[in-house]
Structure formats: C-alpha cells, structure tokens
Amino acid sequence: MGSILRHRTFFICTLLAGLIFIGIGGVWNGHTQPSLPSEIYAVTSRGVTAHFGGEKPVEGFPLEFGVSVLWFTFEGGDTPYVFKPEGELFFSDWRFDLFSPDGAHVLLLQDHYGPYHIVATHRLKHYLLGRAKPNYVVTQMTKPGDPALVHSEGHWVSEKEIQFSVTCCGIQEIVPYRLP
C-alpha cells in the first residue's frame, strides 16, 4: 500500500509540475519563457526594442492605459527580457518614450511612488537579469513622516535630461533631473 501511495503521489506531483511549467511557458535559451500578453506597442532604439503588452483600451483613452507588462528584445535575438519593477505600476504609470533621444539611456519607473531608474542601453540586458544596478536612481526626496509622492509623466527633455511630476495632497511639482 505504501509503495502505491508513493507512486501515486509522485505521479500527481509530476503532473502538477508539468501543468505549472506549461502554464508559465517553456524553457528558452536556459531561461523560463514568460507567458506574455499581446503586444500593443513597440519602439526600437540602438538595436533594443521595448515591447508593451496588454489590451488596447476603449476608444478615447491613451494606448498606454492598456499596458500591463514591458519586455525588451535585443538585436540578433528574440528572447524576451521582462522588466520587473520593484513595486506596483498602475495603468496610468506607463509611458512609451523610455529611450533618451540619442538612445543611450532608458527611463524606467519602479513604482507608482517612484523612484525612476535610468539605465545605459548597453547595460540594459544585465540590468533586466539582475546583474547590474541602474546608472542613476532619481526621485523627489521627502522628509521623514511626509506622505509618499506619486511619480508620473517621466519623459526625456533632451539627451541628458528627464522631467517628471510628483503629486500629493492636491499639490503637483515638476522635477527636472540632468545626468552628470
């Protein structure tokens, strides 16, 4: 009886592991291939393509509102490298203009409350794999005990400057940041 129970338990565990494996995707180039939603927008700079996945919103709303995931592919390959923010991003947090005008950097919001990470494009793959830190971490500092600031509308003003807004308690402030 114990042998039958062990074999049955092994079979069930193997079956569940297989179902989980199929549900999250197969193995691709040594990494688990994530199940990605439909691409609704893509932009390429310096051989790197940012793919925005999700569902197209109803007419009258910005396309960004349909984004639920961001992944990158690199010239010469089709392996998706999924961006995993440190916190939670809402439908209104996504922006399509991630690349600096010269394509040298990528601007990535980490959470609805910040910060932004700026990553050199040539280091992006290592960053996405967790092997490199961002080149710059940008936020609006607050005093201890102050409420958190919503970070939004981050975009490139020039090849070396970003701008974003922080909002709390009915007050909005525009924050510029220039790369050193």
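The values are calculated or read from the model by the stated rules, or taken from the named source; none is laboratory data. On a predicted model such as this, the values are computed, not experimentally measured, just so you know. Neighbour counts are summed over all protein chains in view; Cβ atoms, including those assigned to glycine, are modelled from backbone coordinates with ideal geometry.
Going through (1) touching a Pro at 6+ places or on another chain (Cβ under 6 Å); (2) of a type in the set (A, V, I, L, M, F, W, C); (3) buried (at least 16 other Cβ atoms within 10 Å of the Cβ); (4) within 23 Å of VAL175 (Cβ to Cβ) one by one, VAL137 falls short only on (3). Does the range 145-162 contain any residue that is among the β-branched types (Val, Ile, Thr) and at pLDDT below 95? Checking the range 145-162: not a single residue is among the β-branched types (Val, Ile, Thr) and at pLDDT below 95. All conditions but one from (1) in contact (Cβ under 8 Å) with a residue 24 or more places away in the chain; (2) at negative phi apply to GLU153; the one that does not is (2).
Scanning the range 118-145 for residues that are within 13 Å of ILE162 (Cβ to Cβ) and touching a helix residue (DSSP H, G or I) at 6+ places or on another chain (Cβ under 8 Å) yields VAL119, PRO134, ASN135. Checking each residue in the range 35-69 for being buried (at least 17 other Cβ atoms within 10 Å of the Cβ), under 22 Å from GLY87 (Cα atoms) and in contact (Cβ under 8 Å) with a residue 40 or more places away in the chain picks out ALA50, PHE52.
Would you pick out the residues in the range 99-130 that are among the hydrophobic types (A, V, I, L, M, F, W, C) and within 27 Å of PRO147 (Cα to Cα)? Within the range 99-130, LEU107, LEU108, LEU109, ILE118 qualify.
One residue is enough: does the range 122-133 have a residue meeting the conditions free of Cβ contacts under 8 Å to residues at least 12 places away in the same chain and surrounded by fewer than 12 Cβ atoms within 10 Å (Cβ to Cβ)? Yes; the residues of the range 122-133 include at least one that is free of Cβ contacts under 8 Å to residues at least 12 places away in the same chain and surrounded by fewer than 12 Cβ atoms within 10 Å (Cβ to Cβ). When PHE52, PHE65, PHE61 are screened for being among the aromatic types (Phe, Trp, Tyr) and assigned to a loop (DSSP other than H, G, I, E, B), only PHE61 passes. Scoring ALA50 on the criteria (1) closer than 16 Å to HIS126 by Cα; (2) modelled with pLDDT under 95; (3) of a type in the set (Gly, Ala, Ser) leaves a single failure, condition (2). When residues in the range 164-180 are screened for being surrounded by 15 or more Cβ atoms within 10 Å (Cβ to Cβ) and in a strand (DSSP E or B), 6 of them pass.
None of LEU149, LEU129, LEU109, LEU124 is under 18 Å from ALA42 (Cβ atoms) and among the aliphatic types (A, V, I, L, M) except LEU124.
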